[in-house]
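As structure tokens, the structure follows; a few thoughts come after it.
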Amino acid sequence: MLLTYLENKRYVVVLDDVWDAELWNKIKVALPNSQNGCRVIIVTQKEDIAAKSFERSLLQVVEVDIYGLPGTCRMHDMLRELARSKSEEEKFCALYDERIGGTREEGVIRRLSIQESQLLRVLDLQGAPIETFPDHIVTLFNLTYLNLKRTWIKKLPESIGRLYNLETLDLRRSQVGALPNGIVNLKNLKYCLSGKAVIGTQFPPNLNTLNNLQFLGYVEANSTVLKEIRSMAQLVRLYITNNEVSDEEDLCIAVQNMPLLRRLSVWTNKKEQILRLDALKSPPPFLEKLTLSGKLENIPHWFRSLQNLRHLTLHFSRLTDDLPSHLEALPNLRRISLFEAYEGLHLEFKNGFPSLESLVIYNFPNLQSISVAKGVMPGIKELSIEECRMLKEVPSGIKYLTKLQELALASLAADVIKRIEEPSGVDRPNVRHIPKITYSYQASWGWSRRNISSFFDSIRTEKGLDATDISEEANSREEEEEDSSGGNSDR
């Protein structure tokens, strides 16, 4: 009766939890294969039943192995969607989705499926909600790239040293606080990315035996580590955290012995802590990016010799010296990011900055005025001024910055904004050439951003912005740049 009813119809039949092959043999005779696009979906854990699925085109063989057996199969869309939804419903497994940078299923999962292969060279588990390092990974001897970034893994096994061919290990923003001794057996390791700014990773002794290592960081400073990296002249990027005043000589000697170094980041463990680098006689000649976090008693004498520097970031420097005069002559400086870096009343850009494209000024508590002389920073495109509540007006001379594309303001005195608003702001003529002007401020519902580029735009707001949109941006930029450059590229 069922056979007759379905004979000329297009149908989908789902048979859940089929365990008996004989039962399937009895059922299938009542399901006509009339070539009308009909599908029978079988959910089973029995291999013999699954094999019979090929007969109904539920699974299509794409490739066969050398023995003529199915090697690669294509699952019908309906079957795949049912399997996916069922597995997520039962917490059977999680599907990693690179479009969202993690799994689509939240909460606890019973397993994360990784297809093992002795020939596997790249394993990217970024964002996977796993807490324990999968033991079988250390059997993947051909692995050259292992990404555990943003996972919940807290510890790596000593057997990690068995991955002799590993070249890249990414542990950034994972829960791994210390690396095992086995890490020094990875003689082919070139890129070891771990921790994050402020919170570094503890490394074992004999780090200097990794002769191929080019990227090291964030590594937690101690006397042993700093003495060992003196001999690592091959390093191209070095990120140090937890730096103490007593580490000055060891750190400066190490950096001076790195002629190939292009990126250097040094952080103290507290923003009030003094960072001393005066013992550095001359910086690496090809240094392109420099990040310093900590109280600077003075501007290092070697700043003026950073002829290849492109990006300078200073956190919590709280300088009183004339900072612009030490940087104005650097020919390749494109971006300056200053966070709590200056305690003076006036910031004056009198000369130079021929290549500057971006300037960020954040949380200068005493700053009352900024001035830019005509002809200074002629190519600047982005200017951001945030958390400078004593500032009385936008920079004088801003009208000379004819290539400025965006002016981003946040948490300033209300009078500063009134002076540039349409239609009657006294400073409006000086900023009219800037295509995009935004002002972010804290309202009763959270953070809001106004576009004040024109009179009509000035009444629009974006509600619900979190405070981290502003304050956390500074902390994530460095990591985003590493990702955008692939983590491994230095040019």
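Bear in mind that the values in this text are calculations on the coordinates, not laboratory data. None of the values given here were measured: they were computed from a predicted structure. With ideal geometry, Cβ positions are generated from the backbone for all residues, glycine too; neighbour counts draw on all protein chains shown.
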Rounded to 0.05, the calculated FRET efficiency for the beta carbons of ALA329 and ALA443 at R₀ = 56 Å is 0.85
Within the under-14-Å Cβ sphere about THR268, not counting THR268, Lys/Arg +1 and Asp/Glu -1 give a net charge of -2
Computed for the range 306-369: size of charge dipole around the Cα centre, +1 on C-beta of each Lys and Arg, -1 on C-beta of each Asp and Glu, debye to nearest 20, value 240
Net charge near ALA221 (other residues with Cβ under 10 Å of its Cβ; Lys, Arg +1; Asp, Glu -1) is -4
The simple spin-label model distance between ASN188 and ASP321, using points 7 Å out along Cα→Cβ, in nm, is 4.6
Looks like the range 148-257, by Cα gyration tensor root eigenvalues a ≥ b ≥ c and the a/c under 1.5 rounded cutoff (else prolate when a/b is bigger than b/c, oblate otherwise), is oblate
Dividing the mean separation of Cα pairs under 8 Å (6+ apart) by the residue count of the range 362-434 yields a relative contact order in percent of 31
Amide H contacts under 5 Å for SER440, restricted to residues at least 5 apart in sequence or on another chain and with H modeled in the peptide plane, are LEU409, ALA410, SER411, ARG450
Each label sits 7 Å from Cα toward the beta-carbon; between LYS403 and VAL14 the label points are separated, in nm, by 6.0
With 0.36 nm assigned to each residue of separation and the Cα-Cα distance removed, HIS346 to GLU382 gains 10.9 nm
Taking r as the C-beta separation of PHE303 and TYR164 and R0 as 56 Å, the FRET efficiency to the nearest 0.05 is 0.85
If R0 = 35 Å, then ALA373 and GLU272, at their Cβ-Cβ distance, give a FRET efficiency to the nearest 0.05 of 0.55
Given pairs LYS295/LYS350; LYS196/LYS374; LYS155/LYS227; LYS281/LYS399; LYS350/LYS436; LYS381/LYS418 and cut-off 32 Å on Cα-Cα distance, the over-length ones are LYS196/LYS374; LYS281/LYS399
LYS392 neighbourhood, Cβ < 14 Å, K/R = +1, D/E = -1, net charge 0
Quick calc: nm separation of the 7 Å Cα→Cβ label points for ARG428 and LEU23 -> 7.9
For LYS28, counting only lysines whose alpha-carbon sits under 29 Å away and dropping same-chain residues fewer than eight positions off, the answer is LYS9, LYS46, LYS52, LYS86
